[in-house]
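Note sheet for the following structure.
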Amino acid sequence: MSAMLAAGSGFEAPSTADFWQPLFGTDGPFAITRASIVILLSAVVIIGLLLLGTRRLAVVPTKGQYLTEQVYGMVRNGLGRDIIGSHDFLKFVPLLFSMFVLILVNNLFGIIPLVQFPTMSRIGFPVGLALVVFVIYHLVGIRAKGLGGHFKHMIPPGLPLPVLLLIVPLELLTYFFTRPVTLALRLFGNMFAGHLLLVLFAAGGEYLILHSNVPGYVPVGAFSYVMAFVMTVFEILVEFLQAYIFTLLAALYIAGSLADEH
Amino acid sequence: MDDDAHRPAGPPGEAAAWTVLAYLISGPLLYGGLGWLADRWLGTKPIFVFVGILGGMALALYVVWVRYGTHDRRPPSASDDAGHHCE
């Protein structure tokens, strides 16, 4: 898809094609893409940073240890303990922490020079993560309350039968469809749209300044770069927020499956 | 669970807001969809879709209210035996 700015101009607007970047001459469903390289890189970066941050642990921490502890503490206490509850949150902390850090680093890769590709803008990655959350919150519920108890838990108690008939399908759809789908789409959509916007402002600015051959367009191109900068700052916020919300919802869904009714 | 005395019934307020979205989408989707099928079947084109979407929204809001809006007002000994229901 290419959009023409004016007659005779050759500006190619960024499109979905910018997100499909197979490398090394590979193609098709098993292609090695830029996203797959970036997520592998993220694993290396995360392992490296965490090893550095937890090396030689001391009561008076180094800067690295302090930062690692801050992030870990935020996930452990803010997302784990406060939401799942102090009784059984600990066994979910490794999952929540890995999920948060993995998403955060991959999101931040969207604006880190040279990498500049948010992995989660390829829908397969958020779908995979959402499926993990989906399987876990159902398994946890079934283990805690049994299969029947898990389903019974999805229905609010104390409602008259006619209302129940309307609400049961609604609850089932929410638990089995809307929750995982919105979880994946929210992350995907935010990263996809944000990256598209950045590419548009950067490519547009470059085109207006260098290739349009109209002197009057140069200030407009400069403004486009200002916008690219502003949106980059905004993206940092979105990248943190989306990593946080994804993990928060994972914790909330697990908490919901565990919550007992007595 | 022994920590339930300290734990609010259900997730903290601003966190619950994020789970509410799933209900608000499910309602119109489900009953709007059923309405669309009913319209196709009965040939009443826009009527049941319209009713379904509106009804689905109302039901979704009702579920949200039942799940998140009634904790503070309803004492544990109220009509149902499940005094509170988390999430």
- Expected vector for the stretch A:131-136, Karplus 3J(HN,Hα) from phi with 6.51, -1.76, 1.60 and θ = phi - 60°, integer Hz, x for Gly and Pro, equals 5, 4, 4, 4, 4, 5
- Quick one: among A:L52, A:L139, A:L102, which has the greatest mean-square fluctuation in a GNM of chain A with alpha-carbon springs under 10 angstrom? A:L52
- Highest average packing first - A:246-253, A:147-154, Cβ atoms within 10 Å: A:246-253, A:147-154
- FRET efficiency for A:A58 and A:L114, Cβ-Cβ distance as r, R0 = 30 Å, nearest 0.05? 0.35
- Quick one: if you stick a label point 7 Å off each Cα along the C-beta vector at B:I47 and A:Q70, how many nm between them? 6.3 nm
- For A:T33, distant residues with modelled amide H under 5 Å away: A:L23
- 10 Å Cβ neighbours from other chains, averaged over peptide A:165-172: 5
- Which value, in debye to the nearest 20, gives the size of the charge dipole of the stretch A:1-134 about its Cα centre, when Lys and Arg are +1 and Asp and Glu are -1 at the Cβ? 500 debye
- Item | Rg over Rh [alpha-carbon atoms, Kirkwood Rh] for the protein assembly as shown | 1.05
- Message: Whole-Hz ³J(HN,Hα) for each residue in the stretch A:91-101, computed from phi via Karplus 6.51 cos²θ - 1.76 cosθ + 1.60 with θ = phi - 60°, x for glycine and proline: what do you get?
- Response: 6, 9, 4, x, 4, 5, 5, 4, 4, 4, 5
- Note on the structure: Karplus-derived 3J(HN,Hα) from phi for the stretch A:237-254 (6.51 cos²θ - 1.76 cosθ + 1.60, θ = phi - 60°), whole Hz, x at Gly and Pro, runs 4, 4, 5, 5, 4, 5, 4, 5, 5, 4, 5, 4, 5, 4, 5, 5, 5, 5
- Task: Take every Cα-Cα distance within the stretch A:77-222, group them into 10 Å bins from 0 onward, and report for each bin the whole-number percent of pairs it holds.
- Result: 10, 25, 26, 18, 11, 7, 4, 0
- Query: So, counting K/R as plus one and D/E as minus one, what does the shell of residues with Cβ under 12 Å around A:T119 add up to?
  - Reply: +1
- Item | Listed residues A:F176, A:F19, A:F134, most fluctuating in chain A (Gaussian network, C-alpha, under 10 Å) | A:F176
- Task: Can you tell me the 0 to 90 degree angle between the C-alpha axis of helix A:63-73 and the longest principal axis of chain A, rounded to 10?
- Result: 50 degrees
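Quick note: the coordinates plus some simple rules give every number you see, no bench work behind them. In this text the structure is predicted, and so the values were computed from the model without any measurement. Every residue, glycine among them, receives a Cβ derived from its backbone with ideal geometry; neighbour counts consider all protein chains shown.
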